[in-house]
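Have a look at the structure below before the remarks.
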Amino acid sequence: MSDKKTQYITSEQMLVQREYTEKIRLRNELDARETGKKKRCYVRTFGCQQNEADSERLAGMASEMGYEITDSEQDADLILINTCAVREHAEERALSITGQFKHLKEKNPSLLIGICGCMVSQETRKERIKHSYPYVSFLFGTSMLYRFPEILYRCIQEQKRQFYLDAGDVGNIAEGMPVRRASDRQAWVSVMYGCNNFCTYCIVPYVRGRERSRHPSCILEECRQLIEQGYREITLLGQNVNSYGKDLSDDIRMDFPDLLAQICSLPGDFKVHFMTSHPKDASKKLINVMAENEKAAKHFHLPLQSGSDRVLSAMNRRYTIADYLEILRYMREKMPDITVTSDIIVGFPTETEAEFEDTLTAVAAAQYDQIFTFLYSPRTGTPAAVMEGQIPEKIKQSRMQRLLDLQNSILADRNRACIGRTYRILVEGRSRGDDAMYAGRTEGGKLVHFPVSEDEDLTGRIALVRITDAAIYHLSGERVSDTDVDEG
Ligand code: 5AD
Ligand code: SF4
């Protein structure tokens, strides 16, 4: 299974990792026999869904090495910090948490602390950790994930700190890592890794390497197994899922719409979500596949980033606002109730007041169900970080507030329009704020509260709920038994 661009980790290489896994498992088993206590591993995750998916693999590998996965760092023997680098704030939080773990190491000198993920995949951060955080025992970059058992083993056996950056491994794909999924209803399935787009603000291409696609049959098999195990929601992950397949060799090449169609044709009761899509590659073919397949969740995350063509060009996004709105128009023509979400960056270098107002205009036109808003954060090594015309923090913050105010008023109107309609709700459990209410989500991800009835537990099940009231962040409703369901 190989082609000219993407190199797959061979099963022999994976076998080597299994041998390290086994060695640690035996050590841990002996140790548990002596102490009467199983070793525990705590995994802390920052950042995006890809990182969450990676953490499920770290937890899976740790489980196979004989560690019990714990929710508390206090009683852990092994702590893994899976970091993010997309914004400075995420890096600061990861470093601050790492700092807080120092006292745990002082209390328990045999505690092992490891750091991985995007932040430490930058040489400068790796060096900083090495020198300023002496209690960190090991570190590895994003494409070294599959070598975690080996790195941990070396750390224990050689009693020496281990620091591994990507060392030529960027561009690899490893199959067959154990996974310990955080949910038994919703599962992440990575379809590809890395990014080739080089948006001028973004660190991702530098820390996750070039685009590389998993073999379609591995993805289909993983989905098939998940559905068989009872998973109801599958989210396909990639930095830009629309690039899926471009690097595959001719004999197995498949594009993302075809992959989605094949997954949707698997038997079973489930929905398929995906993220993220780059607007320059979001094709009508993909929209048609979503519209035609009942199992494709009617949710599209389509990051706009800015509503100004000049700023989009400076960001190297390669679409215009007119292109973007045309995709939305087509999507809503085919799927009138589709939920659309977006990412917006405020205060990109050189963004003028008028250009920011173009973003407000675009957001009003797009009528999103949710937006994720970010203050532009300069990332060392990216072109935008050294552009003239960086925007003062205060201006960024005031623009952000104006954007949020606009989106809240849009949401209030959109949510009010849901009153009287009936939705199929996947019940997540009791509402955090009110034990007498269930919290669940529509297929499009809208949060819905409805009263708990004493006779049955609906957690994890689908309920039909008619919406009776709407706030900005959630809808309220009552359970109904009719089958007249509106999508959304
Ligand atoms: N500053 C602010 N936001 C950023 N994002 C990516 N890089 C930066 C940055 N340097 C945002 C983009 C992307 C989301 C995941 O994070 O909006 O879509
Ligand atoms: Fe970053 Fe752009 Fe790639 Fe998304 S598409 S990961 S924003 S470079």
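The values are calculated or read from the model by the stated rules, or taken from the named source; none is laboratory data. As the structure is a computational prediction, the values presented were derived from the model and not from experiment. Because the Cβ atoms are built from the backbone with ideal geometry, glycine has one as well, and the counts that use them run over all protein chains shown. Surface accessibility is based on the protein's heavy atoms, side chains included, excluding ligands, DNA and RNA. Shrake-Rupley method; radii C 1.70, N 1.55, O 1.52, S 1.80 Å.
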Using only the alpha-carbon atoms of segment 183-297, report the extent along each of the three principal axes, biggest first, to the nearest angstrom.
41, 30, 28
Pop out the ³J(HN,Hα) list for segment 240-253 in order, Karplus 6.51 cos²θ - 1.76 cosθ + 1.60 with θ = phi - 60°, rounded to Hz; leave Gly and Pro as x.
8, 4, 5, 8, 3, x, 4, 8, 6, 5, 3, 5, 10, 4
Roughly how many Å² is the accessible area per residue of the chain, as a whole number, for a 1.4 Å probe?
44 Å²
When the chain is fully extended, how far beyond the present Cα-Cα distance does Leu406 get from Arg27, taking 0.36 nm per residue of separation?
130.7 nm
Give me the distance between the Cα centres of segment 119-145 and segment 168-245, rounded to whole Å.
23 Å
Reciprocal mean inverse distance between Cα atoms of segment 299-417 - Kirkwood radius, Å:
14.8 Å
With +1 on the Cβ of every Lys and Arg and -1 on the Cβ of every Asp and Glu, and nothing else charged, how large is the dipole of segment 299-417 about its Cα centre, in debye rounded to the nearest 20?
220 debye
Extending each Cα 7 Å along its Cβ direction at Glu292 and His131, get the distance between those two points in nm, one decimal.
5.8 nm
Restricting to segment 183-297, compute how many DSSP beta bridges are antiparallel as a %, nearest 5.
15 percent
Report, in debye and to the nearest 20, how large the dipole of segment 220-292 comes out about its Cα centre when Lys and Arg carry +1 and Asp and Glu carry -1 on their Cβ.
320 debye
For segment 76-191, what does the equivalent ellipsoid look like in terms of its semi-axes, each the square root of 5 times an eigenvalue of the Cα gyration tensor, given largest first in whole Å?
22, 17, 17
Tell me which lysines have Cα within less than 29 Å of Lys295's Cα, excluding those fewer than 8 residues away on the same chain?
Lys246, Lys271, Lys280, Lys284, Lys285, Lys334, Lys446
Taking N as the number of residues in segment 37-100, what is its Cα Rg relative to 2.2 N^0.38 Å?
1.15
Which three extents, in angstrom, do the Cα atoms of the chain have along their principal axes, listed largest first?
63, 63, 51
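Once you have the Cα-Cα distance between Gln159 and Arg441, take 0.36 nm times their residue separation minus that, and quote the gain in nm to one decimal.
This chain segment gains 96.7 nm when fully extended.
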Amide H within-cut-off set for Met192, under 5 Å, with H built and near neighbours excluded:
Arg214, Leu237
For the chain, the charge dipole (Cβ of Lys, Arg +1; Cβ of Asp, Glu -1; about the Cα centre) points to a positive end, and the Cα of Asn242, Ser190, Thr98 closest to that extreme belongs to Thr98
Unpaired by the 4.7 Å Cβ criterion, cysteines found in the chain
Cys41, Cys48, Cys84, Cys116, Cys118, Cys155, Cys195, Cys218, Cys223, Cys264, Cys418
Convex hull per residue volume in Å³, alpha carbons only, for segment 212-256
67 Å³
Tell me which of Pro451, Ile203, Thr468 sits at the most positive position along the dipole axis of the chain, charges placed on C-beta atoms (Lys, Arg +1; Asp, Glu -1).
Ile203
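Taking every DSSP beta bridge with both residues inside the chain, roughly what % is antiparallel (nearest 5)?
So the antiparallel bridges in the chain amount to around 30 percent.
Quick one: pull the percent of accessible area on the chain belonging to carbon and sulfur, 1.4 Å probe, ligands and nucleic acids left out.
49 percent
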Heavy atoms of the protein only, probe of 1.4 Å, neighbouring chains included. What is the accessible area of Arg214 in Å², nearest 10?
10 Å²
1/(1 + (r/R0)^6) with r = Cβ-Cβ of Arg432 and Ala385, R0 = 51 Å, i.e. FRET efficiency to nearest 0.05, evaluates to 0.85
Student exercise, segment 422-484 dipole from Lys, Arg, Asp, Glu Cβ charges, in Debye to nearest 20
300 debye
Give the value in nm², to one decimal: projected area of the alpha carbon convex hull of segment 7-171, averaged over all directions.
9.3 nm²
